[in-house]
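Here, each number is a calculation from the coordinates, and none is a lab measurement. Source: prediction; values computed, not measured. Cβ atoms come from the backbone with ideal geometry, glycine included; neighbour counts cover every protein chain shown.
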Amino acid sequence: MSYLSCPNCGLTISGQAINQDGVLYCCQGCADRTCCSCRVSWSESFRRLEELSRLPANWDSYGAAPISPKAIARAREFLFVLRDAFASHAPEQFMPLNIAPIADGGLQFEWERQNRLLEIEFTADGHTISFVAEGTAPNRRSTGKTGLSTTEALDLVASVLDLPIGSWVSW
Ligand SMILES: [Zn+2]
Ligand SMILES: [Zn+2]
């Protein structure tokens, strides 16, 4: 099985593609060649973190912990790192597709491009964990790493999204 990616933004096209003149796009925004609406926007991301910071204990009804202020702070900081690295040349492409709470009080950002999925998790105690999955079953491979530095996390985002890091190109 081959992957179809959006010609405007590079996102993997899943179920609900928009067909415009025989070309498939990930969403109407990309079909119009404006901006992709599949990703969390810059302002939405901060709203989302604010929401997550107010989740009560047991938010999943299975005894989940409230999201830790450390995880929220790390996530917020990482958004600025991403913006500094990519905003000048890929303003719409670097934002995650999803920002999700984790039951132990952490949270994660999710990205995807072609056949690669990347999750960066900020744990309740302020550590960073990565998970990368690529390929399809039965050849799906995944790798994970704990205790990532900010630079390592940024490099992973750049590699999965196939975006150069800004300061390298402008230097
Ligand atoms: Zn797109
Ligand atoms: Zn889109």
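Expressed in nm to one decimal, what extension gain is obtained for the pair residue 44 and residue 136 from 0.36 nm per residue of sequence separation less their Cα-Cα distance? Before the final figure, lay out each step's value.
Numbers: separation 92, 0.36 × 92 = 33.12 nm, distance 3.10 nm.
Extra length from residue 44 to residue 136 when fully extended: 30.0 nm.
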**Message:** With just the Cα atoms defining each centre, how far is the range 1-27 from the range 109-171? Give it in Å.
**Reply:** 22 Å
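Quick check on the chain: what are the equivalent-ellipsoid semi-axes from the Cα gyration tensor, as sqrt(5λ), descending, whole Å?
Values: eigenvalues 145, 71, 60 Å².
That gives 27, 19, 17 Å for the three semi-axes.
Under a Cβ-only charge scheme (Lys and Arg +1, Asp and Glu -1), can you give me the dipole magnitude of the chain about the Cα centre, in debye to the nearest 20?
Numbers: 14 positive and 19 negative charges, 6 e Å.
About 20 debye.
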**Asked** Loop-only check: which trypsin sites (Lys or Arg not before Pro) in the range 3-66 are DSSP coil with at most 12 other Cβ within 10 angstrom?
**Response** 33, 54
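With runs of 4+ DSSP H residues as the only contributors, calculate the mean residue ellipticity of the chain at 222 nm using -39,500 (n - 2.57) per run, divided by the residue total and rounded to the nearest 500.
Numbers: 5 runs with 51 residues, N = 171.
After summing the helix terms and dividing by the residues of the chain, the value is -9000 deg cm²/dmol.
Express in nm, to one decimal, how much length is gained between residue 57 and residue 76 on full extension, taking 0.36 nm for each residue of separation and deducting their alpha carbon distance.
Numbers: separation 19, 0.36 × 19 = 6.84 nm, distance 2.12 nm.
Extending this stretch completely gives an extra 4.7 nm.
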